[in-house]
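Inspection log for the structure reproduced underneath, given as structure tokens.
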């Protein structure tokens, strides 16, 4: 990975960490899905589509170009079967599902009819309560007919990765479409009464200047969108961009202090223009918060997840599905949950730690809600960490809750990782970073291939 001054360049959101040495005969029994949930919290559902029409040279996510239409058909069929494997359990049927996010990859690599099949399967089998439904789109394969089809299927939010409007930077990233074409596509989507249209930006791009970044933000402010995500570029050794940076065939990444300045400037510009913070990367205006992100980072409830490579948390167990779509399809067709690895059942200490680390991903944690849930003040449990983070100007106490400062949101991964202390007692910083990046407990690292 290209080195930076930030300790954690991956999302610190999966906890408890998983242990690949755990191999239960039946995952449904291991997660006790035959019990009814008594959890009062609403639940989000994430669906992973691991396919794209082309591979962006900076993308770090699990994705591949489909080898044939058949693999897409088989994947959609397997996805529907996986949904039903969970849907028939007492635990899932006793939940309240309020948000669905179909991401990837590129979900719109699927046909309109395939996307409708997935949405219908969810609606017909899961205990949904008028959910928000988001679909990530790529304008390359999301024309107006597909957008109309998504609206007819009940989709309420559209999200797309713009990354940058700068033609210079788009050329470096080898991204199709111009600023004019992107804006035309967004305006086309807004012809349909979706609750929200959201766009993603990357900052800290090769050769990017502060002025170019500010120009991206100013263009976004003129668009009919209510949600904007800003992500710092992270370059891992397995992506094409890494080798180009190493070989010097493209401009260097900005220095870390320049990247931090970009984040600080974005925070100021967006707040000055009536955007509010929803998470460390998410901003919205008109209080148009995404329900999916609210539920994913509330720190208390379950997170259901379906599809190859997806991560979920259910009944105190964190899980990750098989990576390879063909292996995923094969396992589901055997009538089994397509799980690659799971965590130990969460302990009371880790439950409180999970609440803290996820809540700070959302950028705050409410004191009274924590006390009502656990019967303890968070200062009793985490007082030393809270003081340390306040001294670093990463968080502040506003009386009712602890909130991340702007600096703290930039270093949110480091803040959240602080609360994993029962897992990382007497573990070296480098081993901790590797374990968090791989989502596995540190004592399993030595037994894993390549570690």
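Within the option set 414, 359, 363, being over 30 Å from residue 306 (Cβ atoms), surrounded by 15 or more Cβ atoms within 10 Å (Cβ to Cβ), in contact (Cβ under 8 Å) with a residue 12 or more places away in the chain and under 24 Å from the mean Cα position of the chain (by Cα) holds for one residue only, 414. Looking across 64, 114, 95, one residue alone is assigned by TED's automatic domain parsing to the domain that holds residue 156 and more than 21 Å from residue 326 (Cβ to Cβ). It is 95. Selection of region 33-51 for residues being farther than 27 Å from residue 118 by Cβ and in contact with a helix residue (DSSP H, G or I) (Cβ under 7 Å, 6 or more places away or on another chain) yields only 35. Out of region 123-142, which residues are more than 12 Å from residue 99 (Cβ to Cβ) and either in contact (Cβ under 8 Å) with a residue 24 or more places away in the chain or not assigned by TED's automatic domain parsing to the domain that holds residue 49 (or both)? Answer for region 123-142, where residues must be more than 12 Å from residue 99 (Cβ to Cβ) and either in contact (Cβ under 8 Å) with a residue 24 or more places away in the chain or not assigned by TED's automatic domain parsing to the domain that holds residue 49 (or both): 123, 125, 127, 135, 136, 137, 138, 139, 140, 141, 142. Filtered by the rule that a residue be under 15 Å from residue 267 (Cβ atoms) and either assigned to a loop (DSSP other than H, G, I, E, B) or touching a helix residue (DSSP H, G or I) at 6+ places or on another chain (Cβ under 6 Å) (or both), region 364-403 gives 393, 394. Going by the structure shown, is residue 147 part of a helix (DSSP H, G or I), assigned by TED's automatic domain parsing to the domain that holds residue 98 and in contact with a helix residue (DSSP H, G or I) (Cβ under 8 Å, 6 or more places away or on another chain)? Here the answer is yes, as residue 147 does meet what is asked. Only one of the listed residues (99, 90) is surrounded by fewer than 19 Cβ atoms within 10 Å (Cβ to Cβ) and closer than 30 Å to residue 37 by Cα. That residue is 90.
Is it fair to say residue 352 is in contact (Cβ under 8 Å) with a residue 12 or more places away in the chain and in a helix (DSSP H, G or I)? So residue 352 fits the description; yes. Among the residues of region 230-263, those identified as under 15 Å from residue 201 (Cβ atoms) and touching a residue at least 60 places away in the same chain (Cβ under 8 Å) are 232, 233, 234, 259, 263.
The values are calculated or read from the model by the stated rules, or taken from the named source; none is laboratory data. All values reported here derive from a predicted model rather than from experimental measurement. Every residue, glycine among them, receives a Cβ derived from its backbone with ideal geometry; neighbour counts consider all protein chains shown.
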